[in-house]
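First the structure, in the form of structure tokens, and then the observations on it.
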Amino acid sequence: MNLRTQSQLPWTISAALLTLRLAAGAVFVYHGWGKVFGEHGVDGFAGFLASLGVPLPAVSAWLAALTELLGGLALLAGVGVRLASVPLAFNMLVAILTVHRSGFDVAQGGMEFALVMLASSIALALTGAGQFSLEHLLRKSPAPVLAR
């Protein structure tokens with residue numbers, strides 16, 4: 001979807017994309033912030049990943065935490081949404097395969113929450129930010145005229 005096609009979307013679709021971006025972005029920022037600045041920090045998260053047998057747990061912990069935090073901020077701002085959504089989707093796929101393997105029910109360690117975040121990330125990677133985004137406004141602005 002390019003600028004031209006995004007400009008032609010019904011406002012309801014762009015409103016839906018805005019809602020999805022803000023909700024998913026807030027969730028990703030919340031969880032990324034907790035991994036980086038929470039009580040146990042990245043070291044605690046790395047220890048948890050090590051207990052699951054995840055390779056390079058410290059590197060994996062930093063990658064997951066920063067992907068969630070920075071990717072979530074990109075979704076909230078509406079800038080680089082497609083680019084940010086791809087690693088967010090990958091992050092959720094890895095979470096499903098490593099952390100949330102205990103069935104479907106999230107209360108029992110299942111994947112339902114991560115699956116919704118994976119689907120949200122894929123949807124945003126496929127559609128982009130929509131009209132109600134900073135990304136759309138920046139692309140719509142005319143290029144500055146350079147003085148000679």
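Table for the structure above
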item: Computed helical MRE - 222 nm, the chain, DSSP H runs ≥ 4 contributing -39500 (n - 2.57), nearest 500; result: -23000 deg cm²/dmol
item: Among (1) 59, 39, 23; (2) 82, 32, 23; (3) 50, 33, 30, the entry that matches Cα extents along the principal axes in Å as calculated here; result: (1)
item: Extended-chain gain in nm, criterion 0.36 nm per residue less alpha-carbon gap, residue 116 and residue 90; result: 8.1 nm
item: Magnitude of the charge dipole, the chain, Cβ model with Lys/Arg +1 and Asp/Glu -1, debye to 20; result: 720 debye
item: Residue-span extension gain [residue 66 to residue 97] - 0.36 nm each, minus C-alpha spacing; result: 9.2 nm
item: Net charge of Cβ neighbours under 12 Å - reference residue 77; Lys, Arg +1; Asp, Glu -1; result: 0
item: Net length gained if the chain between residue 37 and residue 107 were fully extended (0.36 nm per residue, minus Cα distance); result: 22.8 nm
item: Peptide ranges 25-38, 76-89 listed from the most packed, as the mean C-beta count within 10 angstrom indicates; result: 76-89, 25-38
item: Pairwise FRET efficiency - residue 137 versus residue 19, Cβ, R0 = 25 Å, nearest 0.05; result: 0.90
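Since every read-out is calculated from the coordinates, none of them should be taken as a lab result. Here the structure is a predicted model, which is why all the values come from computation and not from measurement. Positions of Cβ are generated from backbone atoms using ideal geometry, with glycine treated the same way; all protein chains shown enter the neighbour counts.
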